[in-house]
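The values are calculated or read from the model by the stated rules, or taken from the named source; none is laboratory data. None of the values given here were measured: they were computed from a predicted structure. Note that we place each Cβ from the backbone using ideal geometry, even for glycine, and neighbour counts take in every protein chain shown. Heavy atoms of the whole protein, side chains included, go into the accessibility calculation; ligands, DNA and RNA do not. Shrake-Rupley method; radii C 1.70, N 1.55, O 1.52, S 1.80 Å.
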Amino acid sequence: MERKLDVLIDARTISNRVAELGREISRDYQGRHPLLVGVLKGAVVFLSDLMRSLTVPVEIDFMAVSSYGYSTTSSGVVRILKDLEKSLEGKDVLIVEDIVDTGLTLNYLRENLASRKPNSLKVVTLLDKPERRRVEFTADYCGFVIPDYFVVGYGLDYNEKYRHLPDLCILKGEEE
Ligand code: PRP
Ligand code: 7HP
């Protein structure tokens, strides 16, 4: 099957929006030192840009969870593959995610991290695909709401490919 990439959101538009999110988050966390929790692997590009747009000091940590395997349809199963290094007790935690699709991953992660007694817990996602939701989930900060396309680039993959693309692209032809 021939694959085709159409740009949905170009690198400059992403960069401008990430800078805006950075300003908003910096205002909201003034005087605090939030812990950014990146969800591997898709969020690494977004997290690395977002943290450099913040004017408050941050720490970072990462989790890896699995819900998809190598399929583009959600199995509904969330498993922790890599956990955080330190306790969240008393910390201001901001989960950084690349995309909310069915909502299963973040719904699970938010509950899981809330049970570790952080001082506050919020979620920032670069992308939100509300048409695909299977459980109710609303992020505290969102870069772009997008239609139900399978997208790659800026950290997002299909079978581990395309994460390096600077633009966010619609992948056609390979997901069938
Ligand atoms: C993607 C994405 C989110 C999750 C969102 O991760 O990064 O973590 O799926 O989907 P959901 O809202 O339907 O749960 P994926 O499992 O593809 O792993 P990756 O980040 O390593 O690419
Ligand atoms: C996961 C995911 N990964 C890449 N592109 C998408 O559109 C996706 N939705 N959920």
Among the numbered criteria (1) within 14 Å of ligand 2 (Cβ to nearest atom); (2) closer than 16 Å to Ser15 by Cα; (3) out of contact with any Cys (no Cβ under 6 Å at 6 or more places or on another chain), which single criterion is violated by Thr125? (3)
Return the pairs, sorted by first residue and then second, in which the second residue is of a type in the set (Ser, Thr, Tyr) and not in a strand (DSSP E or B), the first residue lies in the stretch 107-131 and is farther than 27 Å from Arg17 by Cα, the beta carbons are less than 7 Å apart, and the residues are 6+ apart or on different chains. Arg116/Ser87
Tell me, please, whether a residue that is open to solvent by less than 70 Å² (accessible area, probe 1.4 Å), acidic (Asp, Glu), in a helix (DSSP H, G or I) and away from ligand 2 (no atom under 16 Å from the Cβ) can be found in the stretch 59-73. no
Determine if the stretch 137-146 includes at least one residue that is under 20 Å from Leu21 (Cβ atoms), within 16 Å of the chain's Cα centre (by Cα) and within 9 Å of ligand 2 (Cβ to nearest atom). yes
Taking the stretch 140-162 and keeping only residues that are more than 11 Å from ligand 1 (Cβ to nearest atom), of a type outside the set (Ser, Thr, Tyr), buried (at least 17 other Cβ atoms within 10 Å of the Cβ) and not in a strand (DSSP E or B), one is left with Ile146
Of Gly76, Gly38, which residue is at pLDDT below 95 and within 26 Å of Ala114 (Cα to Cα)? Gly76
Candidate set from the stretch 77-128 (those that are assigned to a loop (DSSP other than H, G, I, E, B), more than 12 Å from the chain's Cα centre (by Cα) and charged (D, E, K, R)); member that is surrounded by the fewest Cβ atoms within 10 Å (Cβ to Cβ): Glu85
Return the pair list, or none, for Cβ contacts closer than 6 Å from residues in the stretch 36-49 that are near ligand 1 (Cβ under 9 Å from one of its atoms) to residues that are among the aliphatic types (A, V, I, L, M), at least 6 apart or on different chains. Val39/Met63; Leu40/Ala64; Gly42/Leu156; Ala43/Val96
